[in-house]
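Undergrad: Pasting a structure here, questions to come.
Taken together, the values in this text are just the output of simple stated rules run on the coordinates, not laboratory data. Only a predicted model underlies this, so the values are computations on that prediction, with no experimental measurement involved. Glycine also receives a Cβ, built like all others from the backbone with ideal geometry; neighbour counts cover every protein chain displayed.
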Amino acid sequence: MENKLDGNAAGGILQEIFPFEMTLVQASCTGCGATDAIGALAVYKHGMGTVVRCPSCDTVLIRVAHTKGRYWLDMRGVRVLQISAEA
Amino acid sequence: MERRTVPGRLSWQLGEVLATRAETARTKSITLAVPNWIGHRAGQHMDVRLTAEDGYQTERSYSIASPPEQEQRLTLTVERLDDGEVSPYLVDELRVGDKLELRGPIGGYFVWEAHMGGPLLLVAGGSGIVPLMAMIRHRAAVGSTIPTRLLYSSRSSEDVIYRDELDRLVRSTTLLEVVQTLTRVQPPGWTGYHRRIDTEMLRELAWPPDQRPLMFICGPTPFVETAAASLVALGYEPGRIKTERFGPTGEA
């Protein structure tokens, strides 16, 4: 059974990679164009990693895992990331 | 509070257990000292990682219960899930002086600080109270009088986490209301709600939509989805409803 969580649940691993608080970063979906804070997106955690989906159209925005000493980051579902340089 | 311009990357670090405290039969608060702790904001969480002797690692997220004003240490409140990989160790085995691998604080989205205003509607299912308690403690610590209502669903009065402290805060602080619903077992003479949170209950308790409350919902996934969908149906702005689901387990 899939374990539906919020974008908060991806904040830890994303902030290991990016030097920003990532749940407030705005992400635009390549599927439907919706733009939301990552904290407002849907997150599913699997044994293999974390999947971030669009709550509107279910497109996978981000897949991220940390295994065998590497981060694996697939962001093909993100059209634009807007990162505030101030917070 | 001073805000860093660039928070920087997170990494795992070791915290030391300073104190533990049983909150209910299934929940425990764990107070930790973390080296170079940079402080947190009410609503944030920590990731905890356990490593077995064979190298197998597993991690879980736990909300910070303490307010930012409790400096230089943080308190997590953890509910033991009987089939959990991490929580039985944290609740049953962890002792003062033990070290724990931690990453955080995490999240800026599910956060409330007094300057963000209100009125504030907090909706908690079971141990979903934990990050909301950090907000209530923060509100009390800074002397905020922002009108705040907590709707808190538990199975029974024995399962109500922070029960005495909530009673005390309701008496000692201004414009804080706590409404409990006990979904399975009610004590004799209970006159409060005794059903799961639903649209009708939220209609009775939420601030009128034209007051544009800020809303935070935390609990098991089905609980959060019911509460959030009800608030949207009642006409509240989705953008002012923030949710934190902690998975399908648990029931409130």
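Undergrad: Segment A:8-78: which trypsin sites (Lys or Arg not before Pro) are DSSP loop and have at most 14 other beta-carbon atoms within 10 angstrom?
TA: Here the sparse-neighbourhood loop sites are A:K68, A:R76.
Undergrad: Against the 2.2 N^0.38 Å scaling, with N counting residues, where does chain A land? I'd like the Cα-based Rg ratio to two decimal places.
TA: Here the answer is 1.00, to two decimals.
Undergrad: Can you list the residues, at least 5 places off or on another chain, whose amide H is less than 5 Å from the amide H of A:T59, using H built in the peptide plane?
TA: Here the answer is A:C54, since their amide H atoms fall under 5 Å of that of A:T59.
Undergrad: Of the lysine pairs in the protein assembly as shown, how many meet both conditions: Cα atoms under 30 Å apart, and a spacing of 8 or more in sequence or different chains?
TA: Lysine pairs, 8 or more places apart or on different chains, close enough: 11.
Undergrad: Based on the alpha carbon coordinates of segment B:89-220, what radius of gyration and maximum Cα-Cα distance (Dmax) apply, in Å?
TA: Every Cα atom of segment B:89-220 included, Rg and Dmax give 16.1, 50 Å.
Undergrad: Can you give the translational diffusion coefficient of segment B:183-242 in µm²/s, computed by Stokes-Einstein from the Kirkwood radius over Cα pairs at 25 °C and 0.890 mPa s?
TA: 195
Undergrad: Would you mind giving the three semi-axes, in whole Å and largest first, of the ellipsoid equivalent to segment B:14-80 according to its Cα gyration tensor?
TA: For segment B:14-80, the semi-axes come out at 20, 16, 11 Å.
Undergrad: If you don't mind, there's one more thing I want to ask. Can you tell me which of B:238-247, B:130-139, B:95-104 comes out highest on packing, and rank the rest after it, using the mean Cβ neighbours within 10 Å?
TA: So the peptides B:238-247, B:130-139, B:95-104, ranked by packing, come out B:130-139, B:238-247, B:95-104.
Undergrad: In degrees, nearest 10, range 0 to 90: what is the angle between the Cα axis of helix B:129-141 and the longest Cα principal axis of chain B?
TA: Long axis of B:129-141 versus the principal axis of chain B: about 80 degrees.
Undergrad: Per 5 Å bin, what percent of the C-alpha pairs of segment B:9-51 does each bin hold, from zero upward?
TA: The calculated distribution, bin by bin, is 5, 15, 23, 29, 19, 7, 2, 0.
Undergrad: I need A:D74, B:D54, B:D92 ordered by Cβ neighbour count within 10 Å, fewest first.
TA: Going from sparsest to densest Cβ surroundings: B:D54, B:D92, A:D74.
Undergrad: Across every pair of different alpha-carbon atoms, what Kirkwood hydrodynamic radius in Å does segment B:56-101 reach?
TA: Its Kirkwood hydrodynamic radius stands at 12.1 Å.
Undergrad: Over what distance in Å are the Cα centres of segment B:180-242 and segment A:36-81 separated?
TA: Between the Cα centre of segment B:180-242 and that of segment A:36-81, the gap is 29 Å.
Undergrad: What percent do you get for the relative contact order of segment B:10-62 when only Cα pairs under 8 Å and 6+ apart count?
TA: 24
Undergrad: While we're looking at this one, here's another question. Measure nothing but the geometry: give the 0 to 90° angle between the long axis through the Cα atoms of B:163-172 and the longest principal axis through the Cα atoms of chain B, rounded to 10°.
TA: Value to nearest ten degrees: 60.
Undergrad: Could I ask something else about it? Could you pull the Rg and Dmax for segment B:1-160, using just the Cα atoms, both in Å?
TA: For segment B:1-160, the Cα-based Rg and Dmax read 15.9, 52 Å.
Undergrad: While we're looking at this one, here's another question. Describe numerically, in nm with one decimal, the distance between label points set 7 Å from Cα along Cα→Cβ at B:R195 and at B:R155.
TA: For the pair B:R195/B:R155, the computed spacing is 2.2 nm.
Undergrad: Can I ask one more? Determine the distance separating the Cα centre of segment B:58-74 from the Cα centre of segment A:1-29; give it in Å without decimals.
TA: Result: 18 Å between the Cα centres.
Undergrad: What's the angle, to the nearest 10 degrees (0 to 90), between helix B:221-233's Cα axis and the longest principal axis of chain B?
TA: Roughly 40 degrees, rounded to the nearest 10.
Undergrad: If you take the Cα atoms of the protein assembly as shown, find Rg, then find the Kirkwood Rh from the mean of 1/r over all pairs, what is Rg/Rh?
TA: Expressed as Rg/Rh, it is 0.94.
Undergrad: Subtract the Cα-Cα distance of B:R95 and B:R168 from 0.36 nm times their separation in residues, and report this length gain in nm to one decimal.
TA: 23.4 nm
Undergrad: Give me the distance in nm between label points sitting 7 Å out from Cα along the Cα-to-Cβ direction at A:Y71 and A:C57, one decimal.
TA: In this crude label model, A:Y71 to A:C57 measures out at 2.7 nm.
Undergrad: Further question on the same structure: Under the rule of at least 5 residues apart or a separate chain, name every residue whose amide H is placed under 5 Å from the amide H of B:K242.
TA: Close amide H contacts, sequence-distant or interchain: B:M215, B:F216, B:I217.
Undergrad: In whole Hz, what ³J(HN,Hα) sequence does segment A:40-56 give by Karplus (6.51, -1.76, 1.60; θ = phi - 60°), x for Gly and Pro?
TA: Values per residue, Gly and Pro as x: 8, 7, 8, 10, 10, 9, 10, x, 7, x, 10, 10, 10, 10, 6, x, 8 Hz.
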